[in-house]
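Have a look at the structure below before the remarks.
The values are calculated or read from the model by the stated rules, or taken from the named source; none is laboratory data. In this text the structure is predicted, and so the values were computed from the model without any measurement. Here Cβ is always computed from backbone atoms with ideal geometry, including for glycine, and neighbour counts include all displayed protein chains.
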Amino acid sequence: MSDTDKAQSRNEVAQEKFGKDFEELSSMEKIQVGGTLGGRSRGDQQGGDHQAHLDNVAQEKFGKPFSELDSMQRIQVGGTVGGQSGGQYTGTGGDS
């Protein structure tokens, strides 16, 4: 992946999670973007569909698709996805 592709990916995730460009994020927000990108890379390597996984968790936690969540809800979904071992969807146990 080229440096331009990496920057574009960071900006896309920053927009998804926080509604702003990567360079506008705080240090902690940048770390979360990095974690999201790392999780997506692992999911891609394992043949997973990251967006479908996000939608599944968002539906379970909030009753709507990931694209309709506000930024705090997206962070919660990202934390749930990131915390699942091996990137496999195992459910959230109904935590909201």
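At-a-glance table
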read-out	value
Condition check for residue 59: assigned to a helix (DSSP H, G or I) and at pLDDT 90 or above	yes
Residue in region 15-29 that is farthest from the chain's Cα centre (by Cα), counting only those that are surrounded by 11 or more Cβ atoms within 10 Å (Cβ to Cβ) and assigned to a helix (DSSP H, G or I)	24
